[in-house]
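The values are calculated or read from the model by the stated rules, or taken from the named source; none is laboratory data. Since this is a predicted model, take the numbers as computed values, not measurements. With ideal geometry, Cβ positions are generated from the backbone for all residues, glycine too; neighbour counts draw on all protein chains shown.
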Amino acid sequence: MTDFQHILVDEPLPGVSRITLNRPDSRNALNNTLRSEIYGTLEANDNDPDVKVTILRGAGKAFCAGYDLKGNNAKNQPFHTSPGDGNWARHVVDGFFRVWDLAKPVIAQVHGYCLAGGTELATSCDLVYVADDAKIGYPVVRSMSPPDNQFFPHLMGLRPAMEMMLTGDAISGDEAVTYGFANRAFPVDALETEVLKVAERIARVPTDLQQMNKRAVHRQMELTGVRAAIRSGTEIQALAFHTESTRAHFKELAAGLTDALSKRDGKFGDYRTTDDQTKNGDST
């Protein structure tokens, strides 16, 4: 059994591997150790003949509140990405396509907050099932940059994506289904049971056929230009880091991370500034 620092791995059903992000005190914020364990386990599952499908979920009150801003995410990245300006955005997109290109299906089981990097992790999965009261958003657009991985228009269409990008507001799980971010929404108490039902059905199909089924859908998407479009978006994200507003925000983050993020969201009255979210971890 592999010893992990930030994930738990179990087999809830035959052929089903389940990865639980296990940093509940920080709303499962993504540092590079956690990311390394996720990608390493997904790739190991892809080579394990006993695994047919993988579920990703989060421990505690949230699926994932974004990237961990406490550490230096440029160091100890889980895989090599070309260095230089825009490295982080390119690295995030590389990770997205590492999951996209796996042979075996991956399911995201989303509850609570799914913010910024959490949305990027969820959308790299093949299927996304959410709690109906989940909160899904990208508040980073308010103070720093557009997403590292600009999948929103491809999944949700122009108008919903534009509204999220221009406000940084979150959508509910029910809205996520309506807009195309997620497959289905369930009451939070039923989410795990319903996801396992789907995983069990997927596991009944032989892997050699399932990988063709997955690739068939992805190839059609790629012919519309989605892969090139998402990669080209990293240049806009990198350019945003050179704007006056973003440089000012970086100074605020350096002076005090929690205060800076609370200042960002305070004028909107949401995320970490709501009564039930006084501590959201140092993420997003």
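Counting the residues of segment 155-172 that are surrounded by fewer than 19 Cβ atoms within 10 Å (Cβ to Cβ) and not in a loop (DSSP other than H, G, I, E, B) gives 9. Taking segment 123-178 as the range and being out of contact with any helix residue (DSSP H, G or I) (no Cβ under 6 Å at 6 or more places or on another chain), within 17 Å of Ile236 (Cα to Cα) and without any contact (Cβ under 8 Å) to a residue 12 or more places away in the chain as the test, only Met162 passes. Of all positions in segment 211-228, none carries a residue that is more than 17 Å from Phe97 (Cα to Cα), of a type outside the set (S, T, N, Q) and surrounded by 15 or more Cβ atoms within 10 Å (Cβ to Cβ).
Among the residues in segment 209-219, are any part of a helix (DSSP H, G or I) and either at pLDDT below 95 or in contact with a Phe, Trp or Tyr (Cβ under 8 Å, 6 or more places away or on another chain) (or both)?
Looking for residues that are part of a helix (DSSP H, G or I) and either at pLDDT below 95 or in contact with a Phe, Trp or Tyr (Cβ under 8 Å, 6 or more places away or on another chain) (or both), one finds at least one in segment 209-219, hence yes.
When residues of segment 267-284 are filtered for being within 23 Å of Gly86 (Cα to Cα) and either assigned to a loop (DSSP other than H, G, I, E, B) or at pLDDT 90 or above (or both), how many remain?
At the first step, the residues of segment 267-284 found to be within 23 Å of Gly86 (Cα to Cα) are 282-284.
Still in the running and either assigned to a loop (DSSP other than H, G, I, E, B) or at pLDDT 90 or above (or both): 282, 284.
The total comes to 2.
If you go through segment 127-154 and keep only what is touching a strand residue (DSSP E or B) at 6+ places or on another chain (Cβ under 9 Å) and surrounded by fewer than 22 Cβ atoms within 10 Å (Cβ to Cβ), you end up with Leu127, Asp132, Asp133. Of all positions in segment 74-82, none carries a residue that is closer than 19 Å to Thr20 by Cα and buried (at least 24 other Cβ atoms within 10 Å of the Cβ). Quick check on Arg264: is it part of a helix (DSSP H, G or I) and surrounded by 11 or more Cβ atoms within 10 Å (Cβ to Cβ)? Answer is yes for this residue. Against the test of being acidic (Asp, Glu), in a helix (DSSP H, G or I) and within 27 Å of Gly15 (Cβ to Cβ), the options Glu235, Glu222, Glu200, Glu175 yield a single qualifying residue, Glu200.
Contact map, segment 50-67: residues that are closer than 13 Å to Asp126 by Cα and buried (at least 20 other Cβ atoms within 10 Å of the Cβ) paired with residues that are hydrophobic (A, V, I, L, M, F, W, C) and modelled with pLDDT under 95, Cβ distance under 8 Å, separation 6+ or inter-chain. No pairs are found.
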